[in-house]
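Everything on this sheet refers to the single structure shown next.
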Amino acid sequence: MLAENAARHDAASGSSRSAARVTNSPQGKVQEFETRILDALHHRVGKNERAAKPHDWYNAAVLALRDDIIDKWFASTARTHEAAGKRVYYLSLEFLIGRLLRDALSNLGCNRVMEQALERHGLDLARLEELEPDAALGNGGLGRLAACFMESLASLDIPAFGYGIRYINGMFRQRIDEGWQVELPETWLAHGNPWEFERRESAYLIGFGGEVTSDQGAIRWAPAEQIEATAVDTPVVGWQGKRVNTLRLWTANALDPIQLAAFNAGDHAGALAGQVRADTLVRVLYPADSTAAGQELRLRQEFFFSSASIQDIVRRHVQYHGDIRTLPDKAAIQLNDTHPSVAVAELMRLLMDEHHLTFAESWDITRATIGYTNHTLLPEALESWPLPLFERMLPRHMQIIYAINANVLREARRAGLDDAAIAAISLIDEHGERRVRMANLAFVGAHSVNGVAALHTGLMKETVFADLHKLYPTRINNKTNGVTPRRWLHQSNPRLTGLVREAIGDGFIADAERLSDLAAMAGDAALGERVDEVKRANKVDLSNHLRELTGLRLDPDALFDVQIKRIHEYKRQLLNLIETVALYDQIRSHPERDWVPRVKIFGGKAAPTYHNAKLIIKLANDIARRINSDPSVGEVLKVVFVPNYNVSLAEKIIPAADLSEQISTAGMEASGTGNMKFAFNGALTIGTLDGANIEIMDRVGRDNIVIFGLTAEEVAATRAKGYNPREVIESSHELAQAVKCIADGVFSPDEPDRYRGLMDALMQSDWFMVAADFDAYAAAQRDVDARWQNRAGWRKSAIMNIANVGWFSSDRTISEYAREIWGVK
Ligand code: 26V
């Protein structure tokens, strides 16, 4: 039965089909690829086989494959024009796409062919793939979600553009020096980027500052400074090459890149200052999430990319459809968080000042076109800009925002809202220094405002947007996040994919909900053993990789317990670390017990200015050093901090994980998407009732997930009634011991007081409720041990996770956006 299924689905797979299209035999296709690679190597890279280095072969391979992609790209664009349907525009300051070669090969079904063509020259495709730098144009979940969405849009054959910034330096590279995080620039473009195409004809002027004048009703904004935004396009290949969409990233140029007279007069810096100012705009990705940026440069970046994108969208619409008033029929613009909020004012400006529509007409068009997604409730991450700064940088937009505000507040008054509600709804925060509230601007400028998991959406209605929700009660809706099963299962876990394909066929790659066919086989012992073999093989691969990275030897038979994500207090790496210390203590006190061998894997970057997060990284490394060198625990407990966590590392770690740590303080993690990736790969979750964990539990079943801790409601109630962490710590022997050890410098003998402050803060305020959840977490970990010891039970749970998380495919999420927000098929 299994073999028959495999044969049937092999025959239907993309690779065989595309092979058949080009030549009659697979060998013919390999031959053709080899010829194209050699041609690219010779004529585009400029090397022969003798002189070529691995990176030359990598470039040649990409160039050879790219030709196929470009043909499909043209065809997709032509199809969209003919259909004259609606396009989706996803505006995001972050796209955390990672590597593209394997993604493109796999979605085009060319993996085997490329592998064989390269083998003929003694080259290993997997090694060449490792030479591609990660395009790390994002911080974490929000940026990776944008990348998964782009892949799903193409896979679902929805015409779409992603719009963002082509940062010269993406997310910083993290080095660990003596346990401390050190940030280094990421130079992903240093050796060129074969995936991108500059589009000089798609260039727009972006104005800053200056004055607004009015001449007989005609408004004129004369900016003091102008910078040119130029499009750089990257193709995004959908599953089986069905469609190729465009990721359009903007780069910046001065209108006058060099002032020759000044240069010749010896003022070299002055002569180049304009270009430096333009370069600065696209130089770095702001390396923070959930902490306020607050710099003028950030607002400049936001306006630069929003204005270029809106100008591009309006230009395309007028070019193909003529009348700007039909924009909402042909364009759906989605704002990824508030970073592109200023697009609301920019679209209004173009409609009123350039297309001469009235305010009312423009406002209707704007709201019908724009949607807004909120990704965090953390107050410190809700963007607002000092009004004087905003007014100085964008005087015309400030006027428009005042006009919008007047309009909205009039509606609020008419609806009978009280003064407090009106103050909360206002686009201008009047408490203290006046500020422009970007979330309110996005909310009122959109016809749809969505959260990213059910709990998060509910909390949006009750907290940050409570008053706006009263005024516009149908606007907020939920779209639970998802991840692309192509990258996060099919490409990153070929062993598991092969096994699942044998069991149920390969329909699950395009339609992840078909994974549910596995549920009926969850109790099958033979399948369970094979799932285990796959996991073990992935753990061996990861152990080898981590040995190269860190020098540490890991036992692939131990339980791999993984927490990889941005380092933030609300994500509570500290809870995990304190529990690790408590466990260490227990193992040393009771060496006779039958401990489950564990490898605790941590990875993640801290915002460079986030002191506590950086200290938590140091603590993880201090704890690792001490435990790993203690012969009394031996192989029973190991701790690893993996440096420079990024998308490519995630692709190696997740398939090898047994346990997925999703332990945020309830109510604080909007959704999480790592949680979904782990479950797709058969890891069990240990987690709080937060974000999408709740929905994962609903689907995999209470027996196949380990839930602990306070609920969001209980967290709020505990805070409200006055929470005393010291009492909690003193009443828990294990916790008190662990906190004391850390505070007293057991893990930092070179600087005994290193963690005193961190532990004092835990005793005094503990905003993130580490102490409150500690006992429940420790008990949940012992429950994990017990489950692990029941091998058959664990395997069954792993299969039940894989079988039931198909709903968390970003295809499902995008279908919901398409149907319920964008109105596209
Ligand atoms: C805020 C800021 C402010 C300062 C400058 C840099 C910067 C960059 C990003 C952000 C927004 C952070 C919001 C965010 O990343 N939210 C995450 O979104 C994921 C996708 O929806 C979700 O799974 C995570 O739970 C949520 O934390």
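For the chain, calculate the relative contact order in percent as a whole number, restricting contacts to Cα pairs under 8 Å that are 6 or more residues apart.
Here the relative contact order equals 13 percent.
Would you mind counting up the charge near Glu346? Only other residues with Cβ under 12 Å from its Cβ, with Lys and Arg at +1 and Asp and Glu at -1. Let's see the in-between values first.
Details: positive: Arg349, Arg396; negative: Glu302, Asp312, Asp353, Glu354.
Within the 12 Å Cβ shell, the charges total -2.
Classify the range 602-685 as rounded, prolate or oblate, taking a ≥ b ≥ c as the square roots of the eigenvalues of its Cα gyration tensor: rounded when a/c is under 1.5, otherwise prolate if a/b is larger than b/c and oblate if not.
Judged from the Cα gyration tensor, the range 602-685 comes out oblate (a/c at least 1.5, b/c at or above a/b).
Given the Cα-Cα distance of Gln319 and Ala420 and 0.36 nm per residue of separation, how much length would full extension add, in nm?
Here the segment from Gln319 to Ala420 would lengthen by 31.8 nm.
Grab the other residues whose beta carbon is less than 13 angstrom from that of Glu178, score K and R as +1, D and E as -1, and report the net.
Its environment carries a net charge of +1.
For a test of the definition: using alpha carbon positions, the gyration tensor, and the 1.5 limit on a/c, classify the range 60-124 as rounded, prolate or oblate. Let's see the in-between values first.
Working: a/c = 3.48, a/b = 1.77, b/c = 1.97.
Oblate.
Along Cα→Cβ, 7 Å out, is where each label goes; now give me the distance between the ones at Glu119 and His611 in nm to one decimal.
5.8
Let a ≥ b ≥ c be the square roots of the eigenvalues of the Cα gyration tensor of the range 539-596; is it rounded (a/c under 1.5), or, if not, prolate (a/b larger than b/c) or oblate?
Numbers: a/c = 2.36, a/b = 1.06, b/c = 2.22.
In terms of gyration-tensor shape, oblate.
Carbon and sulfur atoms: what percent of the 1.4 Å accessible area of the range 186-283 do they account for?
Of the solvent-accessible surface of the range 186-283, carbon and sulfur hold 50 percent.
Quick one: length gained pulling Asp630 to Thr718 fully straight, 0.36 nm per residue minus the C-alpha distance?
Taking Asp630 through Thr718 to full extension adds about 27.8 nm, to one decimal.
Put +1 on the Cβ of every Lys and Arg and -1 on every Asp and Glu Cβ in the chain; which of Val452, Phe808, Leu515 then has its Cα farthest towards the positive end of the dipole?
The residue sitting farthest along the positive end of the dipole is Leu515.
Sorted by packing (mean other beta-carbon atoms within 10 Å per residue), highest first, where do 202-211, 656-665 land? Kindly include the intermediate steps, with their values, before the conclusion.
Numbers: 202-211: 17.1, 656-665: 25.6.
Those peptides, ordered most packed to least, come out 656-665, 202-211.
Residue separation times 0.36 nm, minus the C-alpha to C-alpha distance between Arg553 and Asp39: what's the value?
Length difference between fully extended and current span is 180.7 nm.
Tally Lys and Arg at +1 and Asp and Glu at -1 over the other residues with C-beta under 9 Å from the C-beta of Ile567: what net charge comes out? Please list the in-between numbers first.
Details: positive: Lys565, Arg566, Lys571, Lys605, Lys614; negative: Glu569.
Neighbour charge sum, excluding Ile567 itself: +4.
Could you tell me how far the Cα centroid of the range 190-257 sits from the Cα centroid of the range 299-317, in Å?
So the separation of the two Cα centres works out to 7 Å.
Determine the order of Lys461, Lys53 by accessible area, beginning with the largest, at a probe radius of 1.4 Å.
Of Lys461, Lys53, the descending order of accessible area is Lys53, Lys461.
Can you compute the modelled spin-label distance between Asp703 and Asp215, with each label point 7 Å from Cα toward Cβ, in nm?
7.8
May I ask you to give the solvent-accessible area per residue for the chain, in square angstrom, as obtained with a 1.4 angstrom probe?
On a per-residue basis, 38 Å².
Could you please state, rounded to a whole Å, how far the C-alpha centre of the range 671-710 is from the C-alpha centre of the range 90-159?
If you average the Cα positions of each part, the centres end up 27 Å apart.
Please report, in cubic angstrom per residue, the volume enclosed by the convex hull of the alpha-carbon atoms of the chain.
182
Sorting Lys72, Lys29 by accessible area (1.4 Å probe), largest first, what list results?
Largest accessible area first, the list is Lys72, Lys29.
The values are calculated or read from the model by the stated rules, or taken from the named source; none is laboratory data. Because the structure is predicted, anything quoted here is derived from the model rather than measured. No Cβ is skipped: glycine too gets one built from the backbone with ideal geometry, and neighbour counts run over all protein chains shown. SASA here: full protein model, heavy atoms, side chains in, ligands and nucleic acids out. Shrake-Rupley method; radii C 1.70, N 1.55, O 1.52, S 1.80 Å.
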